[in-house]
Structures are given as C-alpha cells and as structure tokens.
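Where a number appears in this text, it was derived from the coordinates with a stated rule and is not lab data. Keep in mind the model is a prediction, meaning the values are calculated, not measured. All Cβ positions, glycine included, derive from the backbone under ideal geometry; neighbour counts span all protein chains shown.
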Amino acid sequence: MRYQVPNGSKVSLADLQYFTIKMTNIITVYILSLHSRRHQNPDILPIVAKSMKLDFTPTGVSEDCLYLNVYTPSQRSESDKLPVIVWIHEGGLVVSGTYMYDGSPLAAYENIVVVVIQYRLGILGYFSTGDKNAQGNWGFLDQIAALQWVQQNIEGFGGDPQSVTIAGESAGGISASFLTLSPMTKGLFQRAVFQSGVATVMGYFVKDPLMLAKVVANVTECDFSSNEVLTKCVKELTEEQIIGAAKKKHIFPGATVDGEFLKAQPEELLKSKDFHKVPILVGTTNHEFGWMLPQALVSEDWVKGMDTKIVKQLLDIFNKDGTSGVNEIIAEEYLKNAKTPEDIRDAFTEMVGDLFMVIPSITVASYHRDAGVPVYMYEFQQRPSIFKDLRPSFVKADHGDDLGFVFGACFWDGHIKVEALTEEENQLCRTVMGYWANFIRTGSPNGPSLVHWPVYDKTNKYMNLGLQQTEGQDLKMDKLLFFTEELPKKLAALHKA
C-alpha cells in the first residue's frame with residue numbers, strides 16, 4: 001500500500017537464485033511487499049545515460065520496486081564475515097536505481113560484500129502533509145528497512161552485520177547523511193560515506209510540507225479541502241497520472257520533521273551534535289556544476305558564455321531563499337574578477353557548485369569532526385577521458401565523475417559498460433577502490449601502497465584525488481569564510497542601512 005511504513009518480507013536464503021558473474025555472485029532480493037516506483041519520469045533516463053556515457057538498459061516503470069542487489073566474492077568461505085557497503089543511489093530522490101551500478105569489481109577485487117538498494121522516489125517516496133495523514137520520509141524508511149534486512153540476513157552472504165558502511169552519491173550521499181541524523185538507525189551501520197551530497201544541501205529538507213502538498217495537489221488535480229482528502233486522492237492516482245504529474249512539474253522532494261525519522265531540522269541536529277558518532281568519508285568533485293546539472297537546468301547557449309544579468313536571474317531561481325540582497329552579494333563575490341562572457345560562465349558554474357554542494361559538504365564535515373569522530377575529506381579532480389568528445393574543455397571533474405572510479409568501472413563488462421579508460425585512469429580506478437575499501441573495512445582509507453590520506457582535523461587537511469594523489473589544505477577556505485563570516489556581516493550592514 002502507498003504511503004505506509006515498509007514491512008520487511010521473510011525471504012529465506014533457499015528462495016534466492018544466485019547468478020555467477022566472473023568472480024562474484026549477484027543476488028537480487030525483493031525485501032519488501034509494498035507498491036512504489038522505480039522512477040517517476042522515465043524520459044530523463046536516456047539523457048542521464050548519454051551525459052555519463054553509460055551503456056546500460058534501464059528497468060521499466062514499475063511499482064514493484066523495493067529490492068536490493070547483493071554482490072559477494074565467489075571464492076569466499078562459509079566462515080567469512082566480510083565488511084559490507086550498503087549503497088544508496090543518486091537521482092534527486094526522483095529517478096535512477098540499482099541498474100546504474102555493477103558492484104562486482106568492488107566485491108571481487110576488494111573482498112567485501114556490496115549491497116545496492118532501491119527505495120521509493122518522488123511523490124510516492126516523500127509526499128507529506130506534515131501530520132498523521134502522510135508523515136513523509138517514506139523513501140528514507142525504505143532505506144532503513146534495507147539496513148534492517150542487512151542486519152538480519154547478511155551473514156548468510158558472508159557479510160558482517162557489525163561492519164556496515166552506508167554510502168551514496170548526490171541524493172544518495174544526502175540520504176546517507178540524513179541516516180546519520182535519525183534515531184531510527186542506531187546500530188544499523190558503523191561508518192558513512194557522503195559523496196557530493198549532505199543533509200544540508202539546499203532543497204532536500206522541506207520546512208513546510210503543506211506548501212509542497214499544495215503543489216502536488218495542483219499538478220495532480222486533487223482536492224485539497226483537507227489533508228485527509230488530499231492524501232486519499234494521491235493514494236488513488238494511477239501510474240499514468242503520477243508519471244504525468246512528474247512530467248508536468250519537477251517536484252523536489254525531501255525530508256520532513258516527523259518526530260520519528262527526523263526529530264528536528266538537520267542544521268539544528270548537527271549544531272547540537274545529535275547524530276551517530278561514526279567515521280565519515282566525505283567529498284566533492286572540483287566542478288560540481290560543470291556540465292551534467294547545468295545541461296538540465298540552464299538554456300543551451302550557456303556553454304558559449306554568459307552575462308551578469310542572466311547569472312543573477314538564474315541565482316534567484318536556484319536560491320529562492322536568497323532574498324533581501326543575499327543573492328546580489330553572492331553574485332558580486334563570484335563575478336568580481338570576471339571580465340568576459342566565458343569568465344562569467346566559469347564563475348557561475350563555480351558559484352552554483354559551491355552553494356549547493358561544496359560549502360555544505362565542508363560544513364557538515366566540520367560538524368562531524370568537532371564531535372570527535374574521524375573524518376576524511378577529498379576533492380576528486382580527474383576529468384574522465386571518455387568525455388573528451390562530449391564536454392567542452394572548460395569542464396573539469398563534473399558531478400558524479402568519481403562514481404565509476406569508486407565502483408571499479410575499469411573492470412566493468414557486465415550489464416553496464418563504459419568506454420576504455422586510459423592506463424593512468426585504470427590505475428586511479430584501482431587506487432580509489434582501494435581507499436574506499438579500506439575505509440569500509442577499518443574506518444580509515446589508508447593502507448599499503450597508497451599515498452597517505454590525512455584525517456580532516458583542525459588543520460583542514462584533505463586528499464586531492466587525481467592521477468596523482470596529494471595532500472591538500474583549507475579546501476575552498478576563502479569561499480567558506482565568505483559564506484560564514486563576510487556574507488552575514490554584509491547582510492547586517494545592508495539591513496541596518
């Protein structure tokens with residue numbers, strides 16, 4: 001049934017079918033009996049595949065979507081208790097799924113158990129009226145149900161339920177970050193990885209669920225005379241109506257304070273250190289808004305160059321909370337040295353990437369660090385060579401470019417394929433796999449034959465992940481100081497005047 005807490009199924013190991021793929025076993029498990037949807041606007045998927053140069057076949061639209069894939073080393077012994085990574089996919093909480101990933105290389109070469117999970121998306125995953133009629137957070141509850149399934153069953157796959165790492169990229173990283181803030185996840189994991197996404201990313205926390213519920217009512221043509229009437233209508237929508245609503249208006253869903261999954265706003269929980277104290281690996285790419293995201297959100301001619309007027313207009317659209325002079329001050333900071341349309345374009349992509357991804361990631365890393373837990377930060381800097389004929393030369397490491405290196409795309413030859421990487425990139429791929437696997441095993445990315453990765457302490461040291469790995473310090477410190485110190489002072493002066 002829609003808009004209900006998931007109930008775990010009683011799947012036994014005897015019911016599962018094993019498919020041998022080279023050096024791993026992959027098992028698909030339907031863990032829940034509950035209607036949802038893999039993605040609510042399937043038209044987006046070919047665009048995503050093209051932008052990432054991935055060769056895969058997306059699954060069809062279906063409400064029977066709550067399942068997970070388990071990848072295990074085929075040579076494991078029955079007594080093995082291997083570390084486990086539970087991966088949460090990206091997609092803005094509205095699209096994507098497990099078919100985007102092949103966990104075989106990571107499981108086989110690093111001797112770990114890889115679990116890739118599916119969860120409810122879009123309206124069906126996050127619709128909320130802010131009361132008992134529809135509390136929201138359904139997709140996050142699915143993620144918790146998957147973690148509970150891992151606790152109960154992963155030993156049967158050679159995994160250690162007491163050595164679980166939650167991880168994800170973009171909306172998956174945001175989800176993993178929210179899971180560290182929830183009292184419902186106590187004891188379900190021991191480490192966490194946030195790649196290009198944390199709980200404080202703009203737009204993924206809904207302060208006023210009723211406002212978003214009104215948007216849902218408008219696009220679905222549901223009666224909003226009461227929360228109860230609206231919820232009943234939304235529950236009864238057909239698949240075609242839900243897909244039509246998603247195509248009509250993109251609705252950015254997010255977490256809500258429901259008193260159970262989330263007790264307070266993420267910033268409040270972080271400031272009060274009210275979160276699970278586990279080791280954290282967190283980072284971003286060096287061009288988060290470099291290509292894929294602006295291609296979807298900005299007019300086509302942005303690549304050739306931009307002017308100041310359009311940049312400010314777009315910032316007002318992207319940062320709707322930036323009223324009373326905020327956006328004007330932000331734009332001035334980033335455009336102060338821009339002289340040509342190309343300069344303005346580059347400043348714009350840096351500004352949006354910082355605002356949405358980089359600064360929130362650094363801030364959240366600092367909150368966890370200050371709570372006394374080990375934190376490891378990185379900036380991914382390699383522009384994959386496979387994009388040389390697709391992206392302009394000004395694009396560096398874009399949003400999501402680190403994913404293939406983490407999952408071992410240098411070895412992909414199953415249901416997902418990519419073009420051949422260079423030999424240097426193959427080496428980087430193996431290096432990144434090693435760092436991530438070490439963190440999954442021990443809570444530290446460091447290990448033999450790898451460049452030392454410093455802990456992110458008060459010295460603000462981090463790792464530059466490129467063809468050469470080097471230690472960095474004070475990542476984006478000038479912009480961090482701008483947002484945390486200079487901007488508030490300038491706003492205070494503006495309002496005083």
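A few remarks follow.
- With the convex hull drawn around the C-alpha atoms of the range 341-497, the volume per residue stands at 152 Å³.
- Relative contact order computed over the chain (Cα-Cα under 8 Å; 6+ residues apart), in percent: 14
- Residues of the range 284-320 falling in the label zone of VAL451, defined by backbone nitrogen less than 16 Å from a point 7 Å along Cα to beta-carbon, are 284-286.
- Using the Stokes-Einstein relation with a Kirkwood hydrodynamic radius computed over Cα pairs, the translational diffusion coefficient of the range 211-370 at 20 °C and a viscosity of 1.002 mPa s comes to 113 µm²/s.
- Mean separation of Cα contacts under 8 Å (6+ apart) over length of the range 264-354, as relative contact order %: 39
- Relative packing of 215-226, 95-106, which averages over residues the other C-beta atoms within 10 Å, highest first: 95-106, 215-226
- Put simply, the range 222-312 fits an ellipsoid with semi-axes of 32, 29, 13 Å; these come from the alpha carbon gyration tensor as the roots of five times its eigenvalues, largest first.
- Label-to-label distance, LEU390 versus SER272, with points set 7 angstrom from Cα along the beta-carbon direction: 4.4 nm.
- Calculated FRET efficiency, THR484 to SER79, Cβ-Cβ distance, R0 = 35 Å: about 0.10 to the nearest 0.05.
- For the chain, the share of DSSP beta bridges that are antiparallel, to the nearest 5, is 40%.
- Potential extension, GLU332-GLU300 segment - 0.36 nm per residue separation minus Cα distance: 9.1 nm
- At full extension, GLN468 and ASP208 could sit 89.0 nm farther apart than now, given 0.36 nm per residue minus the alpha carbon distance.
- 37 °C / 0.692 mPa s Stokes-Einstein diffusion coefficient of the range 72-187, Kirkwood radius on C-alpha pairs, µm²/s: 220
- Per-residue packing, averaged as other Cβ atoms within 10 Å, sorts the ranges 235-242, 140-147, 194-201, 441-448 into the order 194-201, 140-147, 441-448, 235-242, beginning with the highest.
- Gain on full stretching of the segment that runs from VAL229 to GLU260 - 0.36 nm per residue minus C-alpha separation: 8.8 nm
- The dipole here belongs to the chain: it is taken about the Cα centre, uses +1 on the Cβ of Lys and Arg and -1 on the Cβ of Asp and Glu, and is about 580 debye.
- Estimated FRET transfer efficiency (LYS248, LYS186; beta-carbon r; R0 41 Å; 0.05): 0.55
- Ellipticity at 222 nm from helices only: DSSP H runs of n ≥ 4 in the chain, each -39500 (n - 2.57), divided by the residue count, give -10500 deg cm²/dmol.
- Farthest toward positive dipole pole in the chain [+1 Lys/Arg, -1 Asp/Glu at C-beta], among LEU428, TRP291, GLY172: GLY172
- Rounded to the nearest 20 debye, dipole of the range 168-235 from Cβ charges on Lys, Arg, Asp, Glu: 260
- Taking the Kirkwood radius as Rh and the Cα radius of gyration as Rg, the range 412-497 has a ratio of Rg/Rh equal to 1.21.
- Legend: calculated FRET efficiency, GLN4 to VAL215, from the Cβ-Cβ distance at R0 = 30 Å, rounded to 0.05, equals 0.85.
- 37 °C / 0.692 mPa s Stokes-Einstein diffusion coefficient of the range 137-245, Kirkwood radius on C-alpha pairs, µm²/s: 203
- Cα convex hull of the chain, projected area averaged across orientations, nm²: 23.1
- The alpha carbon convex hull volume per residue for the range 394-458 rounds to 143 Å³.
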